[in-house]
Amino acid sequence: MKKAIVIYSSKRGSTQQYAEWIAEDLSKDCECTLTSYKDIKAYNLYEYDLIVYGGWIRGSGIVDFDNLSKQLEPELLSKMIIFGCGIANETPNNYMQVWSLNVGKIDPHNECKSILYILGGRYDPEKVTGFDKALMKVCKKVLTSGKVDSATEEANQMLDRIENGCNLVSQDNLKSLLKDCRKVLDK
Ligand SMILES: Cc1cc2nc3c(=O)[nH]c(=O)nc-3n(C[C@H](O)[C@H](O)[C@H](O)COP(=O)(O)O)c2cc1C
């Protein structure tokens, strides 16, 4: 039986929720392990036919992907599906920004053909504290400063989501990702 591992880094639960849904679905077809990134040392990634990594998006970075990528030889990267969970829409600009700051840093020509998804996350301004809160304040300032074309619908929507919160998490967002997981498993 083929083996898959789903690794997640989540601060407030939405990325974890996606990882749980993915692991539950993949378990129908293969032996699937689910783990938080903080426990990754317990696993040998070379044992798996498919590696799914999901991290929440913070300033366009997929959290903990930079650490994980230190051990990602091409052999591992070529069987990976990566997802970032965030509240910005998956526009071409946002996708390219997230891709280049994460996957693009270790495989700039996408030779390993790893696949990146951006999934809708959840944001509750009441629950964000400390440094994260300060960072969101800066983000709001940039969105309203004129450095970003604040007249665009995207910028206004992002501002609204930061101010009022949003919940974009849905199991329906996983359809294509799960199809791609099965393609990697069938290789
Ligand atoms: C400090 C901070 C920075 C963020 N930066 C981004 C970002 O650059 N792009 C984005 O789409 N979402 C961003 N978000 C939203 C989170 O990615 C979103 O709330 C995500 O669902 C959190 O995942 P979790 O529930 O697994 O912790 C940011 C949130 C915080 C608190």
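The values are calculated or read from the model by the stated rules, or taken from the named source; none is laboratory data. Please read these numbers as outputs of a predicted model, since none were measured by experiment. Remember, those area values only see protein heavy atoms, side chains included, never the ligands or the DNA or RNA. Shrake-Rupley method; radii C 1.70, N 1.55, O 1.52, S 1.80 Å.
Sorted largest first, the spans of the alpha carbon positions of segment 125-164 along the three principal axes are 29, 18, 8 Å.
Using the eigenvalues of the Cα gyration tensor, what equivalent ellipsoid semi-axes result for the chain when each is taken as the square root of five times the eigenvalue, whole Å, largest first?
30, 17, 15
Rolling a 1.4 angstrom probe over segment 41-130 with all protein chains present gives an accessible area of which 49% lies on carbon and sulfur atoms.
The Kirkwood radius of segment 90-187, taken over pairs of alpha-carbon atoms, gives through the Stokes-Einstein law at 10 °C and 1.306 mPa s a diffusion coefficient of 100 µm² s⁻¹.
Bridging of Lys179 to lysines at a Cα separation below 26 Å is possible for Lys2, Lys3, Lys28, Lys79, Lys105, Lys113, Lys187, once same-chain residues fewer than 8 apart are set aside.
Solvent exposure of the chain amounts to 55 Å² per residue of accessible area, where only protein heavy atoms count and the probe is 1.4 Å. Counting only residues at least eight positions apart within a chain, or on another chain, the aspartates and glutamates with an alpha carbon under 15 Å from that of Lys183 are Asp25, Asp29, Asp49.
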